[in-house]
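Q: What follows is a single structure, and I will ask about it in a moment.
The values are calculated or read from the model by the stated rules, or taken from the named source; none is laboratory data. Just so it is clear, the structure is predicted and the values come from calculations on it, not from any experiment. Heads up, the Cβs are rebuilt from the backbone with ideal geometry, glycines too, and the neighbour counts pull from every protein chain shown.
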Amino acid sequence: MPNDLPALRPDTAVLAGKPATKPKVSVAMITYNHVRYIVQAVESVLAQETDFPFEIVLGDDLSTDGTRELVVGLATKHPGRIRLLLHEKNLGHCGKFNLVATIRRCEGEYVALLEGDDFWNDPKKLQRQVDYLDAHPEYSGSAHEVWELRTSGERYRYPRDYPGGVRLELRDILAHGFPLTSSIMYRRTVFGDFPDWYFEMQMGDWPLAVLCMAVAPFAYLRGEPASTYRLHHASYWNSQPLVRRTLEEIKAYSAFRRFLGERHADLIDRELNLRDFYLSIGHDEEGDGTKARAAFRRFLAGYRRHRPTGPRPVLRHALKLAAPQVFSLAKRVRDRFSK
């Protein structure tokens, strides 16, 4: 079964180092070919100012660009603070098995997540999250606001339109998007081992948030973003075409639907309906009119019930599919008079 793949037999990985003391927090960091970014990522964790011990468990998925040599050097420089999980073969599945393998080796009361091409920009991030979770046992974990750093060097707050207040419910993330990986900290024992359905999709942070928040809500700590997400073309997700990304999201929401049953079924069905719309747009962009129209028909069949988007983009896309030449002419006229 998929759940057996990252079982960490001695012939598939080498775990180097032991924590100097029992950690309060384990930072699960995964990396693959992040030679340009990994030093900043690790140093942003080491720069954390805490009154408790923490460890870094760093899983390298057989990088080939020099990343592995860098993390070995960092672990040698900081003994007892960085434990390396050095896979002897690439575990595949877009790093998801590496993530699970790394989390399974964490020993802290809390697990914080960070990918090797992102970094933390607030040295009090861990302390702030731990203090809040220690004081509020009713939450399964916490998240916070995040910067998005683009290749141009411009920085923006990553858009998350959550309802006001600290309490972040499962319903909120299903409707408004999932917390970004670099912001997540959760109680390590909030759920058991990863279920089989977790491995049906490529993303790892979405289903992890669902597993946690199906038990109890998250605390969403507002204010200045404490971490930075790099938006760059080398990352796997951003490099994929719209159709492939949308199909993966359909897998995810379908798995959530089965896992949660009728709990929040209205929201999940609405998101699935919206993905048919995105799928139609993606197929149209790729020049596959037959698949674009089929996806659009599925979207229209559920549109009256779910209303996942306003009528204007729907009518615009309908015109593009039905009369592409008329749509193209109207676009040229609009562009000309908008200058």
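Q: Residues that are assigned by TED's automatic domain parsing to the domain that holds Leu267, within 17 Å of Leu247 (Cβ to Cβ) and modelled with pLDDT of 95 or more: list the helices (runs of 4 or more DSSP H) wholly contained in the range 285-339 that include at least 2 such residues. If you could, list the steps in order and put the result at the bottom.
A: Values: elements: 289-306, 311-322, 324-338.
Qualifying helices (runs of 4 or more DSSP H): 289-306.
Q: If you don't mind, there's one more thing I want to ask. Which residues, taken from the range 179-202, are surrounded by 21 or more Cβ atoms within 10 Å (Cβ to Cβ) and closer than 24 Å to Asn121 by Cα?
A: Matches in the range 179-202: Pro179, Leu180, Thr181, Ser182, Ser183, Ile184, Met185, Tyr186.
Q: Out of the range 114-164, which residues are basic (Lys, Arg) and at pLDDT below 95?
A: Correct list: Arg150, Arg155, Arg157, Arg160.
Q: Going through Ala16, Ala28, Ala41, Ala47 one at a time, which residue ends up being surrounded by fewer than 17 Cβ atoms within 10 Å (Cβ to Cβ), assigned by TED's automatic domain parsing to the domain that holds Tyr186 and at pLDDT 95 or above?
A: Details: Ala16 fails: at pLDDT 95 or above; Ala28 fails: surrounded by fewer than 17 Cβ atoms within 10 Å (Cβ to Cβ); Ala41 fails: surrounded by fewer than 17 Cβ atoms within 10 Å (Cβ to Cβ).
Going through Ala16, Ala28, Ala41, Ala47 in turn, just one is surrounded by fewer than 17 Cβ atoms within 10 Å (Cβ to Cβ), assigned by TED's automatic domain parsing to the domain that holds Tyr186 and at pLDDT 95 or above: Ala47.
Q: Kindly provide the set of residues from the range 174-196 that are out of contact with any His (no Cβ under 7 Å at 6 or more places or on another chain), at pLDDT 95 or above, not in a loop (DSSP other than H, G, I, E, B) and not basic (Lys, Arg), ordered by number.
A: Those that are out of contact with any His (no Cβ under 7 Å at 6 or more places or on another chain), at pLDDT 95 or above, not in a loop (DSSP other than H, G, I, E, B) and not basic (Lys, Arg): Thr181, Ser182, Met185, Tyr186.
Q: Any residue at all in the range 53-65 that is over 19 Å from Phe119 (Cβ atoms), charged (D, E, K, R) and surrounded by fewer than 22 Cβ atoms within 10 Å (Cβ to Cβ)?
A: No, there is no match, as no residue in the range 53-65 is over 19 Å from Phe119 (Cβ atoms), charged (D, E, K, R) and surrounded by fewer than 22 Cβ atoms within 10 Å (Cβ to Cβ).
Q: Can I ask one more? Going through Leu211, Leu133 one at a time, which residue ends up being in a helix (DSSP H, G or I) and in contact (Cβ under 8 Å) with a residue 60 or more places away in the chain?
A: Values: Leu211 fails: in contact (Cβ under 8 Å) with a residue 60 or more places away in the chain.
Answer to the selection: Leu133.
Q: Can you pull out the residues in the range 48-62 that are free of Cβ contacts under 8 Å to residues at least 40 places away in the same chain and touching an Asp or Glu at 6+ places or on another chain (Cβ under 9 Å)? Explain how you work it out, then say what you get.
A: Going through the range 48-62, the residues free of Cβ contacts under 8 Å to residues at least 40 places away in the same chain turn out to be 53, 56, 60-62.
Correct list: Leu62 only.
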